[in-house]
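Chemist: Starting off with a structure, shown below.
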Amino acid sequence: MSNPTKNPQWAAVDKYATSHTHPASRPNTKALQDAHDQSLAAGLPDIAASPPQAKFLALWCRILGVTHALELGTLGGYTAIWLASENPQLHVTTVELDPHHVAVARRNIEAAGLTGRIEVIEGEGLAVVRRLREEVLRGERERFGFSFIDADKENNWNYFDLAVDMSTPKAAVCVDNVVRGGRVADEANTDPRIQGTREVIEKAGKDPRVDSVVIQTVGEKGYDGWLWAVLKEKRE
Ligand code: DHB
Ligand code: MG
């Protein structure tokens, strides 16, 4: 689905600023551009995070010293490559339903030299995430210091709830695409993706485990936004 509020000026600012904040001389610039280009050439939709947004997520991982991150919705691996390539300490576990997306992502990750630090799990999101949670609770898998939820929006709350359960104390959880050109504020909107997004915002707001905020964004991907939540209780 295209964003109804694209604006060439927002895209121009992203392009200008990124050329200075993340120039071609950076070690990961080429790998990221290749992953982007290969994903589009393989027919994947052009809906990966933008360079500044993906870098922002990677810098959060750095600030938080995250060693294990979870991503739901791998697409072609673009965001996962940003997270891992900006953070040498970081292992990324990323979940994707579509086998073609998985194949493209694995190729891109291999080309970026990050196969050892990015685990791509193919499968239906909820089933996989429930299994990951069991593994975490049994102590067979590390808790996640950062989770990025960017999959089927109808399940936003289920993913969020499970991600919080598998998080380290003081972890951050970010949900993508929560503004959607402003449609999130339309109570009468019957699109299940918008309803799933309203559900996660409303339930996160009442969730005693987190403090949360919605940040609206503009850029090359149009007008959208993120829900950010930070765990507030220490476990155990
Ligand atoms: C769509 C999905 C996304 O995760 C995104 O960032 C932008 C668009 C979509 O399904 O249209
Ligand atoms: Mg998204």
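The values are calculated or read from the model by the stated rules, or taken from the named source; none is laboratory data. Keep in mind that this is a model prediction, so the values were computed, not measured. So basically every Cβ, Gly included, is an ideal-geometry build from the backbone, and we count neighbours across all protein chains shown. Accessible surface areas use protein heavy atoms only, side chains included; no ligands, DNA or RNA. Shrake-Rupley method; radii C 1.70, N 1.55, O 1.52, S 1.80 Å.
Chemist: Give the cross-link partners of Lys6 among the aspartates and glutamates, using a straight C-alpha distance below 12 Å as the criterion and excluding same-chain residues fewer than 8 apart.
Modeler: In chain and number order, the partners are Glu220, Asp224.
Chemist: Could you give me D for the chain, from Stokes-Einstein at 37 °C and 0.692 mPa s, where the hydrodynamic radius is the Kirkwood radius over C-alpha pairs? Units µm² s⁻¹, please.
Modeler: 183
Chemist: Spin-label point model (7 Å from Cα, Cβ direction): what's the Ala111 to Phe56 distance in nm?
Modeler: About 2.7 nm, to one decimal.
Chemist: Here's something else I'd like to know. Taking the convex hull of the alpha carbon atoms in the range 69-160, what volume per residue do you get, in Å³?
Modeler: Values: hull volume 7.9 nm³, N = 92.
Each residue corresponds to 86 Å³ of Cα convex hull volume.
Chemist: Here's something else I'd like to know. For the range 127-200, count all C-alpha to C-alpha pairs, find those more than 19 Å apart, and express that count as a whole percent of the total.
Modeler: 39
Chemist: Further question on the same structure: Across the range 46-62, in residue order, what do the Karplus-derived ³J(HN,Hα) couplings come to in whole Hz, using 6.51 cos²θ - 1.76 cosθ + 1.60 with θ = phi - 60° and x for Gly and Pro?
Modeler: Computed from phi, the couplings for the range 46-62 are 7, 10, 5, 4, 6, x, x, 5, 5, 5, 4, 4, 5, 5, 4, 4, 5 Hz.
Chemist: Report, by chain and number, residues whose modeled amide H sits under 5 Å from the one on Val92, excluding near sequence neighbours (fewer than 5 apart, same chain).
Modeler: Here the answer is Ala69, Ile118, Glu119, since their amide H atoms fall under 5 Å of that of Val92.
Chemist: Using only Cα atoms, figure out Rg for the range 1-103 and give it as a multiple of 2.2 N^0.38 Å.
Modeler: It is 1.10.
Chemist: Using DSSP, restrict attention to beta bridges with both residues in the chain and report what percent are antiparallel, rounded to the nearest 5. Could you put the intermediate results ahead of the total?
Modeler: Details: 14 of 33 bridges.
The antiparallel proportion sits near 40 percent.
Chemist: Given R₀ = 45 Å, FRET efficiency for Lys206-Ala17 by Cβ-Cβ distance, to 0.05?
Modeler: Once the sixth-power term is evaluated, E becomes 0.80.
Chemist: Sort 109-121, 72-84, 127-139 for me by packing, meaning the mean count of neighbouring Cβ atoms within 10 Å per residue, highest on top.
Modeler: 72-84, 109-121, 127-139
Chemist: 222 nm [θ] for the chain, helices only, -39500 (n - 2.57) per DSSP H run of 4+, per residue, to 500?
Modeler: Taken over the chain, the calculation gives -13500 deg cm²/dmol.
Chemist: If contacts are Cα pairs under 8 angstrom and at least 6 residues apart, what is the relative contact order of the chain in percent?
Modeler: Once divided by the residue count of the chain, the mean separation gives 20 percent.
Chemist: Expected output is a single nm value to one decimal: the length gained when fully extending between Gln216 and Ile63, i.e. 0.36 nm times separation in residues minus the C-alpha distance. What is it?
Modeler: So the extension gain works out to 52.9 nm.
Chemist: Can I ask one more? Work out, step by step, the length gained on full extension between Glu154 and Thr29: first 0.36 nm times the residue separation, then minus their alpha carbon distance; give nm to one decimal.
Modeler: 41.7 nm
Chemist: Given a 1.4 angstrom probe, what's the average accessible area per residue across the range 8-231, in square angstrom?
Modeler: 45
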